[in-house]
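See structure below.
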Amino acid sequence: MSKLKIGVFGAYRGMTMINVLLNHPDAELVAVCDKFLPALEKAGAAAKEAGISITLYESFDEFFGHDMDAVVLANYANEHAPFAVRLLKSGRHVLSEVLPCETLAQAVELIEAVEESGKVYAYAENYCYMDHTFEMRRRYEKGEIGEVMYAEGEYIHDCAGIWPSITYGERDHWRNSLYPTYYCTHSFGPIMTITGKRPVRVTGFVTNRNYTVPPLGLKQGECAGIEMVTLENGAIVKSVHGHLKREPGSINYEVYGMKGSMESQRFMPSYTPEGQEAEIQVYKEGEKVCVGTNERYVPGKVVENELAHKYATHGGADFYATHFFIEKILGRPDGEHYSIDVYDAIDMGLVGIFAYRSALNKNQPMEIPNLRNKEERDKWRNDNICTNPAVAGDQVLPCHPDGDIEYDDEVFEKVRKMWLDGE
């Protein structure tokens, strides 16, 4: 069987996927595209070191014309859906980095592009595949703690220290126009894949701003988003993420079932460059009420153990997102079971979209449409409401309920200098 020919759009975030593709037995990296030459050259050097010849492109249109079976989208996080739609319509499979879409209109268009093309769309929400979340999913699927009643997902990452290196001092960089609940799938996504339950309602909250942080260009300011989510079975999930002061950051999950609970240890690092270190604790109730067993251990890798151990980025999770995408294209059981499809991806993203609308409306609960149902799509087909003026037009929203913070040019000049100086 010939290998799948796969290209990567976005060489900075995409470098982790590139490393997997350079060594995967069923895939062949054939092309990489990025407008930033140093990142592109780094990808080319990695391929050369692996003894593989690839084509490098600065233009997406030229990259688009390359002979490829599939494409990994690791470009700007607010632009995945439009490129995914274009690629799907051309007959290519797509692995999309987070987030799946910026608007409800894009959500509808993306789902329909997948359905009409018949191609594989997979969502690379790597936090669902970290050793601790993956282990919790496997144990939940076995029924060990019963049906979920309550859960928490926490992704605390104060990006102030790395803001120059991820925005380059660009005033119009997509990260500067985020709203606080946008990046919700690191905190909510693992809870959804662990339990297999979709969200049906959300109430959103936004914290006050931290004005002690030097100005860096983020219109929402330094703050955090919180989503209180109702799942389809009535269970409640608290999802929190954003710029809160905690070092190291927190990647923590808790699931309370009807017969037990599982949780990761939030005061231990969830991952390191060397690999996974997060413990989980599992309580299982026995035949007598409130009496059971407790286990506490560092989970290992179960699926493709030998190959997975070669990759450490995001606790090894980047391997699984890419691997299960390939497995699903090839029609293999692990890919069908573990790869995150377009419907689940959209559900994860809609939590953040509707949570922000809730926060802007005095925390009113918002129903989350089930876009698997075609009859629910028309209402949202032209809904371009978001904080990106280029997409929203006259439907544009502020980046924080209290309004946008505006910055002088000197702020962006300073941030750019910090980036160039490696600060």
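Pull out all pairs, ordered by first then second residue, where Cβ-Cβ is under 8 Å, the residues are six or more apart or on different chains, the first lies in segment 15-42 and is closer than 20 Å to Gly65 by Cα, and the second is among the acidic types (Asp, Glu) and surrounded by 20 or more Cβ atoms within 10 Å (Cβ to Cβ).
If the second residue must be among the acidic types (Asp, Glu) and surrounded by 20 or more Cβ atoms within 10 Å (Cβ to Cβ), the pairs left are Leu40/Asp34.
Check segment 350-361 and report whether any residue there is without any contact (Cβ under 8 Å) to a residue 24 or more places away in the chain and in a loop (DSSP other than H, G, I, E, B).
yes
Does Thr181 fit the bill of being assigned to a loop (DSSP other than H, G, I, E, B) and either open to solvent by 40 Å² or more (accessible area, probe 1.4 Å) or of a type in the set (S, T, N, Q) (or both)?
Spelling it out, Thr181 is indeed assigned to a loop (DSSP other than H, G, I, E, B) and either open to solvent by 40 Å² or more (accessible area, probe 1.4 Å) or of a type in the set (S, T, N, Q) (or both).
With respect to Gly169, is the statement that it is over 20 Å from the mean Cα position of the chain (by Cα) and open to solvent by less than 10 Å² (accessible area, probe 1.4 Å) true?
no
Please state which of the following conditions Glu62 fails to meet, knowing it meets all the rest: (1) farther than 28 Å from Gly316 by Cα; (2) charged (D, E, K, R); (3) buried (at least 24 other Cβ atoms within 10 Å of the Cβ).
Exception for Glu62: condition (3).
If you go through segment 285-329, how many residues are open to solvent by less than 80 Å² (accessible area, probe 1.4 Å) and either touching a Cys at 6+ places or on another chain (Cβ under 7 Å) or in contact (Cβ under 8 Å) with a residue 12 or more places away in the chain (or both)?
30
Any chance segment 356-376 includes a residue that's in contact with a Lys or Arg (Cβ under 9 Å, 6 or more places away or on another chain), farther than 30 Å from Leu22 by Cα, among the acidic types (Asp, Glu) and open to solvent by 40 Å² or more (accessible area, probe 1.4 Å)?
Yes, some residue in segment 356-376 is in contact with a Lys or Arg (Cβ under 9 Å, 6 or more places away or on another chain), farther than 30 Å from Leu22 by Cα, among the acidic types (Asp, Glu) and open to solvent by 40 Å² or more (accessible area, probe 1.4 Å).
Let me spell it out: the conditions are (1) part of a helix (DSSP H, G or I); (2) on the phi > 0 side of the Ramachandran plot; (3) touching a residue at least 60 places away in the same chain (Cβ under 8 Å), and Gly393 meets all of them except one. Which number is the exception?
Condition (3) is where Gly393 drops out.
Does segment 135-157 include one or more residues that are more than 30 Å from Tyr297 (Cα to Cα), at pLDDT 95 or above and over 15 Å from the mean Cα position of the chain (by Cα)?
No: segment 135-157 contains no residue that is more than 30 Å from Tyr297 (Cα to Cα), at pLDDT 95 or above and over 15 Å from the mean Cα position of the chain (by Cα).
Okay, residues lined up against (1) assigned to a helix (DSSP H, G or I); (2) at pLDDT below 95; (3) over 21 Å from Phe325 (Cα atoms):
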site: Gly7; (1), (2), (3): no, no, no
site: Thr16; (1), (2), (3): yes, yes, no
site: Ala31; (1), (2), (3): no, no, no
site: Ala39; (1), (2), (3): yes, yes, yes
site: Ala45; (1), (2), (3): yes, no, yes
site: Asp61; (1), (2), (3): yes, no, yes
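Give the number of residues within segment 71-84 that are out of contact with any Ser or Thr (no Cβ under 9 Å at 6 or more places or on another chain) and farther than 19 Å from Ile326 by Cβ.
5
If I ask for residues that are in contact with a helix residue (DSSP H, G or I) (Cβ under 6 Å, 6 or more places away or on another chain), polar (S, T, N, Q) and buried (at least 23 other Cβ atoms within 10 Å of the Cβ), which ones from segment 201-258 would you list?
Ser239 - this is the single residue of segment 201-258 that is in contact with a helix residue (DSSP H, G or I) (Cβ under 6 Å, 6 or more places away or on another chain), polar (S, T, N, Q) and buried (at least 23 other Cβ atoms within 10 Å of the Cβ).
If a residue must be under 18 Å from Leu110 (Cα atoms) and under 22 Å from the mean Cα position of the chain (by Cα), how many such residues does segment 355-382 contain?
So the count comes out to 5.
For Ala122, indicate whether it is closer than 18 Å to Arg372 by Cα and either touching a residue at least 40 places away in the same chain (Cβ under 8 Å) or open to solvent by 40 Å² or more (accessible area, probe 1.4 Å) (or both).
yes
The values are calculated or read from the model by the stated rules, or taken from the named source; none is laboratory data. The shown structure was predicted, so the numbers you read here are calculated from the model rather than taken from an experiment. Virtual Cβ from ideal backbone geometry, glycine too; neighbours counted across all protein chains shown. Just the protein is used for accessible areas: all its heavy atoms, side chains included, with ligands, DNA and RNA removed. Shrake-Rupley method; radii C 1.70, N 1.55, O 1.52, S 1.80 Å.
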